[in-house]
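The values are calculated or read from the model by the stated rules, or taken from the named source; none is laboratory data. Quick caveat, the model's predicted, so the values are computed rather than measured. Backbone-built Cβ (ideal geometry, glycine too); neighbour counts: all protein chains shown. With ligands, DNA and RNA removed, areas are computed over all heavy atoms of the protein, side chains included. Shrake-Rupley method; radii C 1.70, N 1.55, O 1.52, S 1.80 Å.
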Amino acid sequence: MAIPLNDETADQLRQIADLLEQQGANPFRVNAYRRGAATVDGLDVDVRQLLEQGGLAALTQLPKIGEGIARAIYEIAATGRCSRLERLRGQLDPEHLFQTIPGVGPEMARRIHEHLQIDSLEALEMAAHDGRLEQVPGVGPRRVAAVRAALSTLLGRRTRGRHLGDDGPPVDVLLDVDRDYRRQAASGALPTIAPRRFNPEGKAWLPVLHASRGDWHFTALYSNTARAHELGRTRDWVVLYFSDDQHHEGQCTVVTETHGPLAGRRVVRGREAECTENYRRQG
């Protein structure tokens with residue numbers, strides 16, 4: 001008997017696989033999503049029931065379901081949407097995504113997105129633990145604690161320092177992916193998607209790169225935020241989404257520094273000191 005949520009979940013996983021394939025992603029990642037969809041298709045119990053009984057661990061115990069795909073399934077079950085799929089389609093609306101968190105209204109969601117330049121629940125969880133969320137105007141310690149608790153439930157896992165305390169890949173790797181993305185984007189070598197935001201003509205202008213460096217997997221896109229458009233930096237600010245085989249996930253923004261000793265150089269926002277050291281080593 002068909003189980004509606006399972007059917008919808010498997011369909012969204014297959015759509016992710018198809019888009020990754022069309023955009024030139026690593027075949028291993030493509031096949032991982034297809035195998036995950038096949039596992040969900042074969043279940044005789046609703047994935048929501050599995051989550052209620054055992055949380056994220058109940059999903060990762062299934063064949064061919066790693067933690068990253070399990071989180072995507074959890075998000076579909078909890079919110080009815082999948083931010084990864086929306087990002088690949090160019091339809092991601094972070095402000096609406098953040099409003100799925102209890103207590104976060106439209107204005108708060110807008111401030112979080114524009115101040116932190118993040119657009120995923122995983123990135124918001126990291127910001128809630130490393131002090132950045134509390135720097136958003138109007139967000140105090142009690143609100144941060146509430147967001148942490150809500151995201152811990154929504155993302156279906158206990159907080160683990162090795163996920164939330166890590167900065168992600170080394171800055172030299174991030175800068176290398178940034179350089180590769182901008183070079184290929186400038187030459188017209190990358191597939192493009194049509195972002196929904198700030199694109200009334202529906203033009204497919206936003207280049208997307210999927211790349212791997214060692215155990216790290218990246219998706220790179222120009223920033224399509226209101227702030228980037230306001231400052232005319234949509235072809236300068238590059239957002240990198242990353243994950244590895246140990247289930248670390250995150251995102252960062254690489255920009256051209258406009259002042260100080262790094263003026264004119266590419267830097268990873270929030271990791272300027274590491275960038276300074278990286279350039280020093282390069283002479």
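What ranking do 128-134, 31-37 get when scored by the average of other Cβ atoms within 10 Å per residue, highest first? Spell out each step's value before the answer.
Details: 128-134: 17.1, 31-37: 20.7.
The most tightly packed comes first, giving 31-37, 128-134.
Put +1 on the Cβ of every Lys and Arg and -1 on every Asp and Glu Cβ in the stretch 4-117; which of 96, 19, 62 then has its Cα farthest towards the positive end of the dipole?
19
So what is Rg over Rh here for the stretch 1-128, counting just Cα atoms and using Kirkwood for Rh? Show your work: numbers first, answer last.
Numbers: Rg = 15.1 Å, Rh = 15.4 Å.
Over the Cα atoms of the stretch 1-128, Rg/Rh equals 0.99.
Hey, what do the phi angles of the stretch 65-76 turn into as Karplus ³J(HN,Hα) couplings, whole Hz, using 6.51/-1.76/1.60 and θ = phi - 60°, x for Gly and Pro?
Result, rounded to whole Hz: 10, x, 5, x, 5, 4, 5, 4, 4, 4, 5, 4.
So, in Å, what gap is there between the alpha-carbon centers of the stretch 215-283 and the stretch 7-56?
30 Å
Note down the magnitude of the dipole of the chain about its Cα centre, charges +1 on Lys and Arg C-beta and -1 on Asp and Glu C-beta and zero elsewhere, to the nearest 20 debye. Walk me through the numbers on the way to the answer.
Values: 37 positive and 38 negative charges, 105 e Å.
About 500 debye.
As I understand it, the value is the acute angle between the Cα axis of helix 171-186 and the longest principal axis of the Cα atoms of the chain; what does it come to in degrees, rounded to 10?
90 degrees
Using a 1.4 Å probe, what is the accessible area per residue for the stretch 70-116, in Å²? If you can, show how the numbers build up before the last one.
Working: 1610 Å² over 47 residues.
I get 34 Å² per residue for the stretch 70-116.
How large is ³J(HN,Hα) for each residue in the stretch 111-125, as worked out from phi by the Karplus curve 6.51 cos²θ - 1.76 cosθ + 1.60 (θ = phi - 60°), to whole Hz, x for Gly and Pro?
Couplings: 5, 4, 5, 6, 6, 9, 6, 10, 8, 9, 5, 5, 5, 5, 4 Hz.
With Rg and the Kirkwood Rh both taken from Cα atoms, where does Rg over Rh land for the chain? Intermediate results must be reported in sequence, preceding the final value.
Values: Rg = 18.8 Å, Rh = 19.7 Å.
Rounded to two decimals, Rg/Rh equals 0.95.
Limiting things to C-alpha atoms, what are the Rg and the maximum Cα-Cα separation (Dmax) for the stretch 1-68, in angstroms?
Looking at the stretch 1-68, its Cα Rg and Dmax stand at 12.2, 37 Å.
One-quarter of the Cα convex hull surface for the stretch 80-226, in nm²?
Values: hull surface 38.8 nm².
Taking a quarter of the hull surface, the average projection is 9.7 nm².
In whole Å, largest first, what are the principal axis extents of the Cα atoms in the stretch 180-266?
Result for the stretch 180-266: principal-axis Cα extents of 39, 37, 24 Å.
Toward the positive end of the charge dipole of the chain, about the Cα centre and with charges on Cβ (Lys, Arg +1; Asp, Glu -1), which of 187, 49, 77 goes farthest?
187
Please report the carbon-and-sulfur percent of the accessible area for the stretch 79-148; probe 1.4 Å, protein heavy atoms only, DNA, RNA and ligands left out. Mind showing how you got there, number by number?
Values: 1390 of 2850 Å².
The C+S portion of the solvent-accessible surface of the stretch 79-148 is 49 percent.
At a 10 angstrom cut-off on C-beta neighbours, averaged per residue, how do the peptides 264-276, 213-225 rank from highest to lowest? Spell out each step's value before the answer.
Numbers: 264-276: 16.8, 213-225: 19.8.
Highest mean packing first, the order is 213-225, 264-276.
Going by the alpha-carbon gyration tensor, a ≥ b ≥ c the square roots of its eigenvalues, is the stretch 55-106 rounded (a/c under 1.5) or, if a/c is not under 1.5, prolate (a/b greater than b/c) versus oblate? If you can, show how the numbers build up before the last one.
On the way: a/c = 3.74, a/b = 1.63, b/c = 2.30.
Oblate, because a/c is 1.5 or more while a/b does not exceed b/c.
Quick one: net charge around residue 182, please, counting Lys, Arg +1 and Asp, Glu -1 for every other residue with C-beta under 14 Å from its C-beta. Can you show the working numbers first?
Details: positive: 179, 183, 233, 235, 265, 266; negative: 176, 178, 180, 236.
Taking every other residue near residue 182 into account, the sum is +2.
Tell me which residues come under 5 Å, amide H to amide H, from residue 243 once H is placed; ignore anything under 5 positions away on its chain.
217
Could you work out what % of the accessible surface of the stretch 181-283 is carbon and sulfur, using a 1.4 angstrom probe and leaving DNA, RNA and ligands out of the count?
Numbers: 2500 of 5170 Å².
Its accessible area is 48 percent carbon and sulfur atoms.
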